[in-house]
Amino acid sequence: MKLADLEPVLALAERASTLISSVYAEPFEVAYKGTDDPVTRADEQANDLICDGLTEAFPGVPIVSEESPGSFANAHGASCAWFVDPLDGTREFVARNGEFCVMIGFAEGGSAAGGVVVFPALGIRVVATVDEGAFEVGRDGARRKLCVAPWGSLSKTRVVVSRSRPPSDLEDLLGSLGGASVLRRGSSGLKAYLVASGQADLFVQTGPAGKRWDVCAPEAIVRGAGGIFTTARGEPFEYDSGDLENDRGILASGLCLHRVVRAVFRV
């Protein structure tokens, strides 16, 4: 996966972002796929737009999407696949706090290789490959390279966690870091962006953390920015194993901090 390969994907994500923004600007209904699992027509319409666009631009490449039930079966054992969350942070969308995004990730050989994340309400666009780097893309097309922050000390660590589902052991974890500050934000994409851009040092979730479409693009962004993105146990995410659940949490940061935090948290 090369950055040039992601140009049509970025354009597709921007089209989905425009669609989502149009729904966001008006009253909309909220349905539920399960307990505390909202879905809106913005999710569904963005999903159709993205999946149709990827199928046309990359024929034969499997697409795994949150709003396409059963799609993961098509990618099991595939050499490469797209992982799509058409509206990451639907709770934030419903709450109208702006912390939601479009995420399109690409996995190759079972590992995250590239991704695009666009934030409709924040005006942020990010494109990344693990090999070539992560970049914030301005409206004029100019690109600013993202880089994880150099790490100083545990007590000054800036930890970003889920706004709606923070780790159940958050206070113990913060105590282990000796007074680290905490940011509560919505959407995996936003938390990964904050780490990749150096605005936060650590993204952590020790409990269940969604599904593979919640981590593919975020992983590419953090790793492209020079960081590391694993389960809370330090294991790599596998995208061709047949397992969709992220049931071992998330730990994303710079390499040195990652090693220290795993020892401190004992996760």
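Each value in this text was obtained by applying a stated rule to the coordinates, not by laboratory testing. Owing to the predicted nature of the structure, the values given are computational and were not obtained by experimental measurement. When we count neighbours, we look across all protein chains shown, and the Cβ atoms used for this are built from the backbone with ideal geometry, even at glycine.
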- Item | Filtered residues of segment 193-247 (kept if surrounded by fewer than 17 Cβ atoms within 10 Å (Cβ to Cβ) and closer than 22 Å to ALA81 by Cα) | GLU235, PRO236, GLU238, SER241, GLY242, ASP243, GLU245, ASP247
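Taking segment 27-47, which residues are β-branched (Val, Ile, Thr) and either on the phi > 0 side of the Ramachandran plot or without any contact (Cβ under 8 Å) to a residue 60 or more places away in the chain (or both)? Before the answer, list the steps.
Of segment 27-47, the ones β-branched (Val, Ile, Thr) are 30, 35, 39-40.
Matches in segment 27-47: THR35, VAL39, THR40.
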- Message: Need pairs with beta-carbon distance below 7 Å; first residue over 12 Å from THR129 (Cβ atoms) and within segment 3-19, second surrounded by fewer than 16 Cβ atoms within 10 Å (Cβ to Cβ); sequence gap 6+ or separate chains.
- Response: PRO8/ALA57
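Could you list, in sequence order, all residues of segment 179-208 that are within 22 Å of GLU245 (Cα to Cα), in contact with an Asp or Glu (Cβ under 9 Å, 6 or more places away or on another chain) and not in a strand (DSSP E or B)?
First, the residues of segment 179-208 that are within 22 Å of GLU245 (Cα to Cα): 185-193, 202-208.
Those still in the list that are in contact with an Asp or Glu (Cβ under 9 Å, 6 or more places away or on another chain) too: 185-190, 192-193, 206-208.
Hits for segment 179-208 are GLY186, SER187, SER188, GLY189, LEU190, ALA192, TYR193, THR206, GLY207, PRO208.
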- Message: So, in segment 81-112, how many residues would count as being assigned to a strand (DSSP E or B) and either among the acidic types (Asp, Glu) or surrounded by fewer than 24 Cβ atoms within 10 Å (Cβ to Cβ) (or both)?
- Response: 4
- Query: Across segment 179-192, which residue is nearest to LEU87 (Cα to Cα) among those that are of a type in the set (S, T, N, Q) and crowded, with 23+ Cβ neighbours inside 10 Å?
  - Reply: SER187
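When you go through PHE237, PHE229 one by one, which is the residue that is under 14 Å from the mean Cα position of the chain (by Cα) and either part of a loop (DSSP other than H, G, I, E, B) or not hydrophobic (A, V, I, L, M, F, W, C) (or both)?
On the way: PHE229 fails: either part of a loop (DSSP other than H, G, I, E, B) or not hydrophobic (A, V, I, L, M, F, W, C) (or both).
Just one listed residue meets the conditions, PHE237.
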- Task: Tell me, please, whether a residue that is part of a strand (DSSP E or B), out of contact with any Phe, Trp or Tyr (no Cβ under 6 Å at 6 or more places or on another chain) and surrounded by 22 or more Cβ atoms within 10 Å (Cβ to Cβ) can be found in segment 37-48.
- Result: no
